[in-house]
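A quick write-up on the structure given underneath.
The values are calculated or read from the model by the stated rules, or taken from the named source; none is laboratory data. These figures come from a predicted structure and were not determined experimentally. All Cβ positions, even for glycine, are placed from backbone atoms using ideal geometry, and neighbour counts span all protein chains on display.
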Amino acid sequence: MSSSEAVNKKSGGITLTFSKFSSTKKLQKSSIAEIKDAFNDEVDFVSGFEDKKVQGSKIIDEPKEYVIPCIKKNVWQKTNQDKKPANSKGENPSNSLEDLAAKEIIADANRQNEEWNERGVEDTGAAIPLLFQNQIPSGYETDDRLDVSLRPNEPEDTEYDSVPIEHFGKAMLRGMGWKDGEGIGKNKKLVNPTDVVIRPKGMGLGADKSAVKQLNHNKGGHQKKDSDDSPLVLKTGSHCVVEKGSSKGLYGTVVGVDEDNARVLVKLSINSNTITVSQYTLRLVHKKEYDKYHKYLNKVKVDEYKLEEEKKKEKELEMSKKESSSRSGEKRAHASYDNGNSHRHKKHKSDHQRSTNGSSSIWLRPQIRVRIIDKSYKKGKYYKSKVVVEDILSKENCICKTDEGRLLEEISQRMLETVIPKDSPGFVMILSGKYKGQVGEVLKKDKSKCEATLQLVGEQDTIIKMDYDSISEYVGNVSEHY
């Protein structure tokens, strides 16, 4: 054995080979890019302008009005019995074509003659529906036998493709004589379709939705408007008053509206609490009313009390009229006695009238601050408390409001005393004398004499002195008195 053979035997064995294949992956096309390509229109070059239209290199097809003609007369297929071979009698094809052409010319001439003869005659067949005019011959498609051999062949797909699906309905109507802008049927007036309005969730079948739009109407039926004469609308930020429920009579601001459930979120102005109420229990108010009453706690009771007082006054007037009529006879009987003592009677009457006027005069005025000095009122709860006069019903009954916004009723003017402003400048209203009802600015106060030096608002040259009992602090709008 040679040395080369030995080396070959030692080197023989398993050989491992490794190979690396590099393949390039193809990226998928982006769906966004496909959308962009779909909307990528071809470039068009403007070549000129003609008849207010832009002329370009790209030909744009004008919109076409598609028409599917109405089949007024059905063309029935002939049966096998009616069909005859073309050359059954050995006729020449050219002769048969000439005969057909002659028959068509004769039929056309006869049709024109019939139209000429029937001119001006009412077409009675027009009133007959097409379904009755184009009835299938008897013996076919009955209840006992359904033979559709007379029916024409189905339309091909190309006929359907010639009319886009979005124009198919109008194309059929145009074939029946309809035109754009006309109504369908005998009445050519265009009638707009009725929009179906969804009822709010929670509204009963017997409820009227128009009541929602009438929330801004008062009890008299007149619509309330803001200062800018804009109608009130139930929306966020609107001012309202609750008319039913535990919060009856309280004012607030709308912070949210749930139209599905007919509920409204209202933020009460008296305590800043947010409540949820039905929108049918609210009444929209304008800003002027809201600014005046939004801090009232029991305005409803005050309104009811005013109504009762008005009714009482009306009853008193009726009673006084009845009494005056009953006393008229007595006055006639004592006429001679009155004439004999006229001087003494007049003197007594003037004295009595002077004392009556002095005791019945009302010095209270709205928008002035006074102090309660009666310990028996409300068991002394408001003794020495300062209140603002809101309304004066009579000498023995006025309505006042505390600093907390609570209304106090059935307060007599003998329970109150005047208040002089501490801060400077302070404004007071004159309650008696020559300048009664006018507003003045306090220039100087003399506590020893209980007098104040005033300058009338709007009259800079007029300076007067008034005692403390004749003036009281004024909390209204001073600019109205200029």
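Points to keep in mind about this one:
- Listed conditions (1) within 30 Å of K301 (Cβ to Cβ); (2) in contact with a Phe, Trp or Tyr (Cβ under 6 Å, 6 or more places away or on another chain); (3) loosely packed, with under 14 Cβ neighbours inside 10 Å are all met by K384, apart from (2).
- Test: S424 is at pLDDT below 85 and among the hydroxyl-bearing types (S, T, Y): yes
- Matching residues, segment 441-461, being small (G, A, S) and under 15 Å from G426 (Cβ atoms): A452
- A single member of N87, N95 is part of a loop (DSSP other than H, G, I, E, B), modelled with pLDDT under 65 and not hydroxyl-bearing (S, T, Y), and it is N87.
- Matching residues, segment 24-71, being of a type in the set (V, I, T) and at pLDDT 60 or above: T24, V43, V46, V54, I59, I60, V67, I68, I71
- Members of segment 429-446 that are more than 12 Å from H481 (Cα to Cα) and in contact (Cβ under 8 Å) with a residue 12 or more places away in the chain: I430, L431, S432, G433, Y435, V442, L443, K445
- Pairing residues of segment 174-201 that are under 30 Å from R263 (Cα atoms) and not assigned by TED's automatic domain parsing to the domain that holds C70 with residues that are at pLDDT 80 or above and part of a loop (DSSP other than H, G, I, E, B), at Cβ distances under 9 Å and at least 6 apart in sequence or on separate chains, gives P200/E259; P200/D260; P200/N261; P200/A262; K201/E259; K201/D260; K201/N261; K201/A262.
- Residue count for segment 360-386, restricted to those that are free of Cβ contacts under 8 Å to residues at least 24 places away in the same chain and either under 16 Å from Y474 (Cα atoms) or not polar (S, T, N, Q) (or both): 6
- Residues of segment 395-432 that are surrounded by fewer than 13 Cβ atoms within 10 Å (Cβ to Cβ) and closer than 23 Å to K312 by Cα: E396, R414.
- Contact map, segment 233-249: residues that are touching a residue at least 40 places away in the same chain (Cβ under 8 Å) and over 9 Å from R283 (Cα atoms) paired with residues that are surrounded by 12 or more Cβ atoms within 10 Å (Cβ to Cβ) and not aliphatic (A, V, I, L, M), Cβ distance under 6 Å, separation 6+ or inter-chain. Pairs shown: G249/K299.
- Within segment 133-189, the set of residues being within 22 Å of V75 (Cβ to Cβ), of a type in the set (F, W, Y) and assigned to a loop (DSSP other than H, G, I, E, B) comprises just one member, Y140.
- When segment 290-307 is limited to residues that are of a type in the set (D, E) and modelled with pLDDT under 80, the one that is nearest to C400 (Cα to Cα) turns out to be D303.
- Just one of the listed residues (G433, G426, G476, G440) is assigned by TED's automatic domain parsing to the domain that holds V388 and farther than 21 Å from K386 by Cα, namely G433.
Each row is one residue, and each column tells you yes or no for (1) modelled with pLDDT of 75 or more; (2) of a type in the set (V, I, T); (3) surrounded by 10 or more Cβ atoms within 10 Å (Cβ to Cβ).
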residue: K103; (1), (2), (3): yes, no, yes
residue: E118; (1), (2), (3): no, no, yes
residue: A126; (1), (2), (3): no, no, no
residue: Y140; (1), (2), (3): no, no, yes
residue: R151; (1), (2), (3): yes, no, yes
residue: E156; (1), (2), (3): yes, no, no
residue: V163; (1), (2), (3): yes, yes, yes
residue: F168; (1), (2), (3): yes, no, yes
residue: V191; (1), (2), (3): yes, yes, no
